[in-house]
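Student: Here's a structure for you.
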Amino acid sequence: MTLAAGDTAPDFTLLDQDGSPVSLHDFRGRDVIVYFYPAAMTPGCTTQACDFRDSLSSLTAAGYVVLGVSRDAPEMLRAFRERDGLTFTLLSDPDHAVHQAYGAWGEKKNYGKTITGVLRSTFVTDPAGVVAHALVNVKATGHVARLRKLLGIDA
């Protein structure tokens, strides 16, 4: 089941790229963008992460915090962050429990085959922790620009 606008975002605590615990409830009172991506250092995920990096100043100025979530271990997330100069928090969900809680895990087509895995998805929560926008199974390229437009944020 995928979260929809109006749902309360499930709280979580995951390790970040430095191995430190980060909880969604730490950001109560702020707008949060939680995006799920398949794997660090892959072409599509790099494109998407760099788009978030390049838009971070406008997102931050509008009051948003960005959290990227994947199944990668913290060490891989740290390497990804360093390699691409990512300046937002990356979180490790190795058992994909948070992916499942948000509906970012399920069946998808990959090169004509049906597989189960990460559904590239973005959820925007309001300061009370309620989902304002749920974008599931998005494309990596151009997603952040569409998200900024949806949120009314100029580049």
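The values are calculated or read from the model by the stated rules, or taken from the named source; none is laboratory data. What you see is a predicted model; the values in this text were computed from it and never measured. Note that we place each Cβ from the backbone using ideal geometry, even for glycine, and neighbour counts take in every protein chain shown.
Student: Out of TYR111, TYR64, I need the residue that is more than 14 Å from THR2 (Cα to Cα), modelled with pLDDT under 95 and of a type in the set (Phe, Trp, Tyr). Which one? Walk me through it before giving the result.
Tutor: Numbers: TYR64 fails: modelled with pLDDT under 95.
None of the others qualify; the one that does is TYR111.
Student: In this structure, is TYR37 modelled with pLDDT under 95 and not charged (D, E, K, R)?
Tutor: Details: modelled with pLDDT under 95: no; not charged (D, E, K, R): yes.
No, not satisfied.
Student: Could you tell me whether ALA62 is within 19 Å of TRP105 (Cβ to Cβ) and either under 14 Å from the mean Cα position of the chain (by Cα) or not hydroxyl-bearing (Ser, Thr, Tyr) (or both)?
Tutor: So ALA62 fails the test.
Student: Another question, then. Inside region 25-64, can you point out the residues that are in contact with a Lys or Arg (Cβ under 8 Å, 6 or more places away or on another chain) and over 18 Å from GLY117 (Cβ atoms)?
Tutor: Matches in region 25-64: SER55, SER58, LEU59, GLY63, TYR64.
Student: Continuing with this model, one more query. Across region 56-73, what is the number of residues that are surrounded by fewer than 19 Cβ atoms within 10 Å (Cβ to Cβ) and in a helix (DSSP H, G or I)?
Tutor: Residues in region 56-73 being surrounded by fewer than 19 Cβ atoms within 10 Å (Cβ to Cβ) and in a helix (DSSP H, G or I): 5 in total.
Student: A follow-up question, please. Any idea which residue in region 106-123 is surrounded by the fewest Cβ atoms within 10 Å (Cβ to Cβ), counting only those that are in contact with a Phe, Trp or Tyr (Cβ under 8 Å, 6 or more places away or on another chain) and part of a strand (DSSP E or B)?
Tutor: Filtering region 106-123 for residues that are in contact with a Phe, Trp or Tyr (Cβ under 8 Å, 6 or more places away or on another chain) and part of a strand (DSSP E or B), the one surrounded by the fewest Cβ atoms within 10 Å (Cβ to Cβ) comes out as THR116.
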